[in-house]
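Asks: A single structure is presented below for examination.
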Amino acid sequence: MKPNEENPRGLGLAALLIVLLGLAVLTPPAARAEIIVRLEVTDEKVAVRLDPNLRSPVVEMLARGTVIKMASAQKFKTNWFYVQFVSSRSGRILAGYILESSVRKLNSTIKVIDVTPAEPEIADPKEFSLEAGRLPVVQWGQSEDGILKVEGRPLSRDLSGDMAFLRYHRDVLGKRCLLTYVLIDRKLASVKLHLLERYANKDRYVADYNKIREFLNAKIGEPRYNNVIWRNRADAERGETLGAAVTSGSLSLSSEWSFQGTGLRLSLTGENSEVQFAAEINDLKARNPSSF
């Protein structure tokens, strides 16, 4: 087969990478997803302002390392992002404008919103099986037709501008899965996964996150970013378990690696008493709404 011919090898390698990661998700048909882009403050202290100009009143000052959420994909006055964040003073969700030069984009995530009744919590979930072996190289740039030839008809297909999202149910390492292919300009640019199994013991999420992170450290090397972000000092000093802190949204964990033209992000966050355990694999050369 000629090098420029489409073939399923890239998809097979992507699937193998998913197996190596051991991340699994399943969402029923009555689920939807939204793209979330998060920003990390890079300056020592940054003002979030009421309006997109330097004379506008300050809503709150944010410290380096604070992770906030983009509330609009549109830039304002060329270099301002409209963002949402949890106030370290009041604990409320606030919004305002922040200078683009003061933050960096973390990799975007797909938040899966399940609108069906919640699954029962699992008291004794199966262990992830992370077998030794070299990580494969994912061949990016596959077309939608190439994916359909290998995977078949998707459970759902959504469009957002020049992006397309193809979702499939999969069984990976004995866990129920959802695999999402993300195409930009009709070319495969990202593979997204989320863990939706609900653990009764919330500390198990942190243990599984650390297990996968250590596996990737051994295979790829130390991550380029290893973030442990507490919402505020009071949360860090409250003394609750790490699992409970993640579930309440007080604590978020994330690590990022890059290897062989591929960016990989592992994250564990919480919101509304639900845990989001996710992995994202991205083509570093693709035009992406976020960047590694």
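The values are calculated or read from the model by the stated rules, or taken from the named source; none is laboratory data. The structure displayed is predicted, hence computed values, not measured ones. Methodologically, a virtual Cβ is constructed for each residue, glycine included, from the backbone with ideal geometry; neighbour enumeration extends over all protein chains shown.
Asks: Considering 251, 179, 242, which residue is touching a helix residue (DSSP H, G or I) at 6+ places or on another chain (Cβ under 8 Å) and touching a residue at least 40 places away in the same chain (Cβ under 8 Å)?
Replies: Sole residue among the options that is touching a helix residue (DSSP H, G or I) at 6+ places or on another chain (Cβ under 8 Å) and touching a residue at least 40 places away in the same chain (Cβ under 8 Å): 179.
Asks: In the stretch 14-67, what count of residues is obtained for those that are out of contact with any Lys or Arg (no Cβ under 9 Å at 6 or more places or on another chain), at pLDDT 90 or above and not in a loop (DSSP other than H, G, I, E, B)?
Replies: 2
Asks: For the structure I just gave you, tell me whether residue 213 is in a strand (DSSP E or B) and basic (Lys, Arg).
Replies: no
Asks: Counting just the residues of the stretch 209-247 that are within 19 Å of the chain's Cα centre (by Cα), more than 15 Å from residue 265 (Cα to Cα) and not aromatic (Phe, Trp, Tyr), which one comes out modelled with the lowest pLDDT?
Replies: Within the stretch 209-247, the match that is modelled with the lowest pLDDT is 231.
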